[in-house]
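Undergrad: Take this structure, written in structure tokens, and hold onto it; I'll ask about it next.
The values are calculated or read from the model by the stated rules, or taken from the named source; none is laboratory data. Computed from a predicted model, the values in this text were never measured in an experiment. A quick note on method: Cβ atoms are made from the backbone with ideal geometry, for glycine too, and the neighbour counts reach across all protein chains shown. Surface areas here come from the heavy atoms of the whole protein model, side chains and all, with no ligands, DNA or RNA. Shrake-Rupley method; radii C 1.70, N 1.55, O 1.52, S 1.80 Å.
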Amino acid sequence: MRIEARNLSFSVRGKTLLQDVSLAVQPGETLALVGPNGSGKSTLMRLLSGLAKPSHGEVLLEDQPLARLTRREIAQRIAIVEQQADTAERITAQSVVELGRTPWLSALKPWSSEDTQLVDKALHTVEMEGFARREWATLSGGERQRLHIARALAQRPGLLLLDEPTNHLDIHHQLSILNCIRNLQVTTVVALHDLNQALTCDRVAVLSHGRLVACGAPSQALAPETVSEIFGIQARWVQDAEGAGPFLSFQLA
Amino acid sequence: MSAAAVLAWQGIRGACLALPVLAAAVLAGAMIGETSLAPDLVLSVLANKLAGAGLPVDPVDQGIIWSYRLPRALVAAACGAALAVAGVVLQALLRNALADPYILGISAGASTGAVAVTIAGLGGGALSLSFGAFNGALLAFGFVAILARAAGAGGNRAAAAQIVLAGIAGSQLFNALTAFIIAKSANADQARGIMFWLMGNLSGVRWPDVWLAVPLALAGWMICRFHARALDAFTFGSDSAASLGIPVRRVQVVLIFATALMTAVMVSIVGSIGFVGLVIPHAARFLVGPGHRRLMPAAALTGAVFLIAADIVSRIIIPGQVLPIGVVTALIGAPSFAVILVRGQRTAR
Ligand SMILES: Nc1ncnc2c1ncn2[C@@H]1O[C@H](COP(=O)(O)OP(=O)(O)OP(=O)(O)O)[C@@H](O)[C@H]1O
Ligand SMILES: [Mg+2]
């Protein structure tokens with residue numbers, strides 16, 4: 001599913017959080033969103049998912065203004081995993097993932113075996129089948145994160161928005177989740193802090209102070225000069241001795 | 001099976017489970033009291049009144065059962081169910097385990113309305129206590145709703161906390177007004193009477209109250225049950241609900257108004273009965289889990305049975321005297337709540 005942001009600006013109480021951001025993500029593509037804390041990544045995600053309305057500009061989903069779709073229509077197309085989402089309810093892991101089927105159910109279309117299959121599959125994808133009956137409060141941070149991702153997958157979206165999906169995850173699950181979303185036939189926008197992980201995505205967009213400062217092929221958008229300036233550090237390419245692609249190495253300026 | 005058939009089937013199955021329990025509780029409500037009456041006597045009265053069976057029954061017993069105990073039990077059931085369901089809905093919407101129907105300022109407003117009519121003499125004696133209570137309840141709810149909106153609860157984030165805070169502010173204000181009116185105008189007898197009403201009192205209940213309370217509880221329950229899936233989606237907050245396709249604002253407005261109306265009417269009939277709206281949802285959650293499709297019927301049934309039982313206890317515990325039902329709900333409710341809390345903690349891990 002194609003999504004396009006046209007001249008998006010967003011401000012609250014006179015403070016501009018995002019200014020004139022335009023970008024398009026092609027069907028099936030994985031776009032990494034990087035930038036320092038407070039640069040506006042989560043804000044952009046909220047605008048792309050319709051959770052917040054832009055002050056200027058518009059979001060187009062398959063060339064249709066997002067503002068014209070109902071909440072339910074959006075939820076059948078876009079799933080978002082927010083940076084933080086917790087609950088005090090004593091809900092089981094399985095029920096959390098089942099929430100993902102909400103936009104597809106109605107009074108006349110109750111839960112079916114197909115929904116059960118999709119939930120099981122999503123649990124399998126994030127390697128959480130063994131935890132289905134566990135209560136939310138008893139799960140670790142990474143396990144919760146993986147359930148949120150499974151919930152989004154169970155939603156069967158055409159566009160997946162993931163806000164730092166790999167924080168809390170151990171290296172095995174970081175790599176497997178990223179691998180999984182790259183292999184999905186779903187358009188994905190993923191906010192990441194690990195720039196070397198961003199390098200493995202199809203394209204990278206760099207945000208700084210609410211503006212889009214670079215957007216393109218990973219090795220260009222994440223050129224050491226750009227990275228050094230935006231994050232206030234020193235970055236350089238390092239060649240991998242085993243012959244894999246180059247990666248970024250950092251030190252304080 | 002078609003989708004409509006599935007729905008009908010679920011409804012019928014639920015009713016088959018719930019109705020016998022409810023009927024048994026109402027029957028008990030009609031049997032037990034200062035004079036105990038046999039179950040077949042109650043059934044004979046029902047046959048006489050509903051089917052014109054013409055069975056021989058002592059007219060005094062018939063009067064007690066038909067005019068006093070039955071309406072009382074039915075209103076208790078409706079009231080218990082409505083308050084419990086309102087509690088379930090508000091706890092989910094406001095994401096606050098301490099939310100109860102009175103958190104919207106409703107009971108405080110009802111008390112003010114009641115004392116304004118009975119003690120301060122608003123309306124010159126032409127208005128009834130329940131009319132005053134109902135209007136006071138709506139007035140207080142309006143005040144809380146406007147305050148919450150002005151405090152920015154319109155947006156999604158933090159909205160829940162704003163409503164709870166506005167409710168507390170509203171309750172304090174209206175409770176102060178009530179105390180002011182009592183201090184200024186009431187004599188000792190009136191003050192005692194109003195305190196009795198404030199703690200909840202079912203002794204004035206007659207059939208017209210049944211025709212108000214029961215349909216309202218049923219309608220309210222259906223509206224809330226219809227939104228069960230939407231309430232599930234609020235588990236991770238209103239943003240998360242929105243991203244799952246729930247029209248958050250519309251659901252919040254519909255459900256908050258439905259619960260406010262249910263509560264206002266119940267309070268105006270029976271006074272403010274504490275603890276049911278807070279404790280029953282937790283007890284029901286303990287029994288069937290947090291999913292609202294099962295929680296909603298479970299809470300309604302538990303609430304109905306609990307309040308009928310509390311009413312029975314309030315009538316028989318002190319011979320020759322009726323205890324305010326709110327005292328009983330609190331006396332039973334608080335310890336059972338403690339048990340649930342402790343046991344829930346133990347099974348959590
Ligand atoms: N409601 C708000 N009112 C005022 N400022 C806000 C509000 N929401 C966000 N901000 C500010 O907007 C900026 C962008 O926030 P955003 O959450 O989009 O950053 P981010 O790029 O996701 O950062 P992080 O890497 O820490 O997740 C931050 O400086 C934040 O303080
Ligand atoms: Mg963020």
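Undergrad: Would you work out which of B:V339, B:G237, B:A160 lies farthest towards the positive end of the dipole of the range B:84-348, given +1 charges on the beta-carbon of Lys and Arg and -1 on that of Asp and Glu, about the Cα centre?
TA: B:G237
Undergrad: In the protein assembly as shown, what percentage of the DSSP-assigned beta bridges are antiparallel, given to the nearest 5?
TA: Working: 28 of 45 bridges.
Around 60 percent of the beta bridges assigned by DSSP in the protein assembly as shown are antiparallel ones.
Undergrad: So, one more: Most fluctuating residue of A:S22, A:S49, A:S106 in a GNM of chain A with Cα springs under 10 Å: which is it?
TA: Judging by the Gaussian network model, the answer is A:S106.
Undergrad: Still on this structure, please answer the following. Could you derive backbone 3J(HN,Hα) for the range B:253-266 from the dihedral phi with the Karplus parameters 6.51, -1.76 and 1.60 (θ = phi - 60°), listing whole Hz in sequence and x where the residue is Gly or Pro?
TA: Per-residue couplings from phi come out as 5, 4, 6, 5, 5, 4, 5, 4, 5, 4, 5, 4, 5, 4 Hz.
Undergrad: Is there a quick way to get the dipole size of chain A? I mean about its Cα centre, with the Cβ of Lys and Arg at +1 and of Asp and Glu at -1; what is the value in debye to the nearest 20?
TA: Here the size comes out at about 800 debye.
Undergrad: With angles folded into 0 to 90 degrees, how steeply does helix A:113-125 sit against the dominant principal axis of chain A? Use alpha carbons for both and round to 10.
TA: Orientation of helix A:113-125: about 40 degrees from the principal axis.
Undergrad: Shifting gears a bit: Around A:H172, what is the net charge, scoring Lys/Arg as +1 and Asp/Glu as -1 over all other residues with Cβ under 12 Å from its Cβ?
TA: Computed value for this residue: -1.
Undergrad: Same structure again: Can you tell me the relative contact order of chain A? Whole percent, Cα pairs under 8 Å, sequence separation 6 or more.
TA: The normalised contact order for chain A reaches 25 percent.
Undergrad: Ok, one more. In deg cm²/dmol and to the nearest 500, what is the mean residue ellipticity at 222 nm of chain A if only DSSP H runs of at least 4 residues count, each as -39500 (n - 2.57), divided by the residue total?
TA: -8000 deg cm²/dmol
Undergrad: Now, a different point. I need to check one value: relative contact order of the range A:1-130, counting alpha carbon pairs closer than 8 Å and at least 6 residues apart, in percent.
TA: Numbers: 131 pairs, mean separation 27.9, N = 130.
RCO, the range A:1-130: 21 percent.
Undergrad: A further question on this structure: Against the longest principal axis of chain A, how steep is helix A:171-183, in degrees 0 to 90 to the nearest 10, with axes from Cα atoms?
TA: 80
Undergrad: Divide the volume of the convex hull of the Cα atoms of the range A:88-156 by its number of residues and quote the answer in cubic angstrom per residue.
TA: Expressed per residue, the convex hull around the Cα atoms of the range A:88-156 is 83 Å³.
Undergrad: Can you count the Lys pairs in chain A with C-alpha separation below 28 Å, eight or more apart or on different chains? Walk me through the intermediate numbers first.
TA: Working: A:K15/A:K41; A:K15/A:K53; A:K41/A:K53; A:K109/A:K121.
For chain A, qualifying lysine pairs total 4.
Undergrad: How big is the charge dipole of the range B:84-348 about its Cα centre, in debye rounded to the nearest 20, if each Lys and Arg gets +1 on its Cβ and each Asp and Glu gets -1 on its Cβ? Display every interim value, and only then the final one.
TA: Details: 16 positive and 6 negative charges, 114 e Å.
Dipole about the Cα centre, nearest 20: 540 debye.
Undergrad: Return the whole-Å distance between the Cα centroid of the range A:225-253 and the Cα centroid of the range B:156-202.
TA: Computed from Cα coordinates, the inter-centre distance equals 65 Å.
Undergrad: State, as an integer percentage, the relative contact order of the range B:84-348 based on alpha-carbon contacts under 8 Å between residues 6 or more apart. Mind dumping the intermediate values first?
TA: Working: 375 pairs, mean separation 69.2, N = 265.
Once normalised by length, the contact order is 26 percent.
Undergrad: Could you work out the local net charge near B:L202, counting Lys and Arg as +1, Asp and Glu as -1, over the other residues with Cβ closer than 14 Å to its Cβ? Mind dumping the intermediate values first?
TA: Numbers: positive: B:R69, B:R72, B:R206, B:R315; negative: B:D209, B:D311.
That works out to +2.
Undergrad: Would you look at the GNM of chain B, springs on alpha carbons closer than 10 Å, and say which of B:R229, B:R206, B:R250 moves the most?
TA: The residue that fluctuates most here is B:R250.
Undergrad: Which net charge results for the neighbourhood of A:L61, defined as the other residues with beta-carbon distances under 9 angstrom from its beta-carbon, given Lys and Arg at +1 and Asp and Glu at -1?
TA: Here the charged neighbours net out to -1.
Undergrad: From other protein chains only, count the Cβ atoms within 10 Å of every residue's Cβ in A:77-88, then give the mean.
TA: Going residue by residue through A:77-88 and averaging, the value is 3.
Undergrad: Based on alpha-carbon positions alone, could you give the equivalent ellipsoid semi-axes of chain B from the gyration tensor, as √(5λ), descending, whole Å? Before the final figure, lay out the partial values.
TA: Working: eigenvalues 209, 158, 65 Å².
The three semi-axes for chain B are 32, 28, 18 Å.
Undergrad: Oh, and also: Can you list residues from other chains, or at least 5 along the same chain, whose modelled amide H is less than 5 Å from the amide H of A:L33?
TA: The list, which skips near neighbours in sequence, is A:V190, A:A191, A:L192, A:A205.
Undergrad: Once phi is turned into ³J(HN,Hα) by the Karplus curve 6.51 cos²θ - 1.76 cosθ + 1.60 with θ = phi - 60°, what whole-Hz value does each residue of the range B:35-47 show in order, with x for glycine and proline?
TA: Taking θ as phi minus 60°, the curve returns 10, 7, 10, 6, x, 5, 5, 4, 5, 4, 4, 4, 4 Hz for the range B:35-47.
Undergrad: In what sequence, largest accessible area first, do A:W111, B:W197 appear using a 1.4 Å probe?
TA: Order by accessible area, largest first: A:W111, B:W197.
Undergrad: Given bins 5 angstrom wide, list per bin the percent of all Cα-Cα distances in chain A, short to long.
TA: P(r) over chain A, rounded to whole percents: 1, 6, 13, 16, 18, 16, 13, 9, 5, 2, 1, 0, 0.
Undergrad: Let me ask something additional. Collect residues whose amide H, placed 1.01 Å from N in the peptide plane, falls under 5 Å from the amide H of A:R134; neighbours closer than 5 in sequence don't count.
TA: The answer is A:A93, A:Q94.
Undergrad: Compute the separation of the alpha-carbon centres of the range A:124-190 and the range B:228-303 and state it in Å as a whole number.
TA: Here the answer is 30 Å between Cα centres.
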